[in-house]
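As structure tokens, the structure follows; a few thoughts come after it.
The values are calculated or read from the model by the stated rules, or taken from the named source; none is laboratory data. It should be emphasised that the depicted structure is a prediction, and the values quoted were computed from it without experimental measurement. Neighbour counts are summed over all protein chains in view; Cβ atoms, including those assigned to glycine, are modelled from backbone coordinates with ideal geometry.
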Amino acid sequence: MAAETQLGANNLEAYFMPFTANRLFKANPRLLASAKGMHYTSTDGRRILDGTAGLWCVNAGHGRRRIVEAIQAQAREMDYAPSFQMSHPLTFELAARLATILPGDLDHVFFTNSGSESVDTALKIALAYHRSQGNPGRIKLIGRERGYHGVGFGGMSVGGIGPNRQQFGNLLGHVDHLPHTHAPDHNAFSRGQPQWGAHLADALEDRVALHGAETIACVIVEPMAGSTGVLVPPVGYLRRLREICDRHGIVLIFDEVITGFGRLGASFACEHFGVQADIITCAKGLTNAAVPMGAVAVRKHIYDSLMDREDSGIELFHGYTYSGHPLACAAALATLEIYREDDLFARAAEIAPDWEQAVHGLRDHPHVIDIRNIGMVAGIELEPRPGQPAARAYDVFLKCYEKGLLTRTTGDVIALSPPLVIERSEIDQLVAIIGESLREVA
Ligand SMILES: Cc1ncc(COP(=O)(O)O)c(C=O)c1O
């Protein structure tokens, strides 16, 4: 029996899908059945080139044997160990391994199960850090317009994507936002980092003047904003944020859920941009997405401050049942081994110029009003159809899928982030399919 005929309308009804137009999807479902290397296979038997590494997460390509075998072996050995007041050796091994690739003295690692949990954990650590320093008045969290930091109440509140907030009424108090850095009038069709806009970081000085530094706990930004449509930081912008945070004792958090593990051609964006964050969040590429896992890395002075107390009690009242789950640790250790053995971050840096050249080749195609890229990421922005925001890009997404390519759209931006193992011929194929699709949509 064909897979589709097993799937009656009733079978699709029960599942309440995340960030999906449920009714539209269920009328015309797109289901994936298997994955290997650069390709998915759909339930109707078609090969689909993965232009998005799943959801920005399968950096080493699909179905890596070493990861599969590590998960299988761990499942046989020990399925689960309690994470509070108990642990198991792989958590310590993984944290120590991560510390070797984390930039600077980001040497202490807290485990979570997702990017959203990593963000809420990071915000809580920033607040707890200031309390441990005798500064309980530092409670304000500063995010940025158009930022995406997952869907927990903390991440949603510091996040700056309208629809992700508007359905839920009032969010956390004591939150403010910096302006976003998207400036098409100055920076359209920039290759890599745009030249204009470092001064946009000075808005943080304005927030300090408004609220008082003594009330501000942290600033959280994505070093390269992915989910809002690929916004690459202007040259000098992140460094300026760092300087202002230093001046005022503000904790700087980089949300590296997308940029971590090679996406920009370096281990983390901190390394790529040469700017040290105080806390970084990650997830996605940590396990090559084979088992859900996230992590928060904190600098030594933050960890030491939390540990420096007279009593021998719990230092941080926070954690998850599945923090450092054995299967996730096994998957992450195997993943880090692949990254090292294949030198995958360096490979991403090496093919990034070809990627840039190829995606900018779409510049003169219909509807294209901007193309942005950095590392192995690109955003192609389309002119919206009058009165129908996001509809044109969604049609391109559907066309590409029909033609055997998985893309992602956010608003009127086609966001691309293939596994870092993509071959040059596959880059050409990906760009050709997008080009055809752009010509075919109204
Ligand atoms: C920068 C950033 N932070 C947080 C998240 C949330 O991660 P998750 O969906 O694993 O909760 C994402 C997801 O795309 C992200 O891009």
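Results, tabulated for the structure shown:
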item: When residues of the stretch 139-159 are limited to those that are in contact (Cβ under 8 Å) with a residue 60 or more places away in the chain and outside any strand (DSSP E or B), the one farthest from the ligand (Cβ to nearest atom); result: Ile139
item: Considering residues of the stretch 123-137 that are in a helix (DSSP H, G or I) and of a type in the set (Gly, Ala, Ser) only, the residue farthest from Val251 (Cα to Cα); result: Ser132
item: Filter result for the condition that a residue is of a type in the set (Gly, Ala, Ser), surrounded by fewer than 19 Cβ atoms within 10 Å (Cβ to Cβ) and touching a residue at least 60 places away in the same chain (Cβ under 8 Å), over Gly379, Gly435, Gly387; result: Gly435
item: Qualifying residue in the stretch 220-229 (condition: outside any loop (DSSP other than H, G, I, E, B), within 16 Å of the ligand (Cβ to nearest atom) and exposed (fewer than 14 other Cβ atoms within 10 Å of the Cβ)); result: no
item: Meets criteria (more than 30 Å from Gln74 (Cβ to Cβ) and either in contact (Cβ under 8 Å) with a residue 12 or more places away in the chain or not in a loop (DSSP other than H, G, I, E, B) (or both)) for Arg247; result: yes
item: Pair list, Cβ < 9 Å and 6+ apart or interchain, from the stretch 115-137 residues that are assigned by TED's automatic domain parsing to the domain that holds Leu172 to residues that are within 15 Å of the ligand (Cβ to nearest atom) and among the basic types (Lys, Arg); result: Gly115/Lys284
item: Cross-chain or 6+ apart pairs with Cβ under 6 Å, the stretch 178-191 first and under 13 Å from Val235 (Cα atoms), then of a type in the set (D, E, K, R) and assigned to a helix (DSSP H, G or I); result: Arg191/Glu356
item: Every residue from the stretch 407-426 that is more than 16 Å from Gly379 (Cβ to Cβ) and not basic (Lys, Arg); result: Pro419, Leu420, Val421, Ile422, Glu423, Ser425, Glu426
item: Test: residue in the stretch 188-200 that is of a type outside the set (Ser, Thr, Tyr), in contact with an Asp or Glu (Cβ under 8 Å, 6 or more places away or on another chain) and within 16 Å of the ligand (Cβ to nearest atom); result: no
item: Options Leu306, Leu264, Leu286; residue that is within 15 Å of the ligand (Cβ to nearest atom), under 27 Å from Leu241 (Cβ atoms) and outside any loop (DSSP other than H, G, I, E, B); result: Leu286
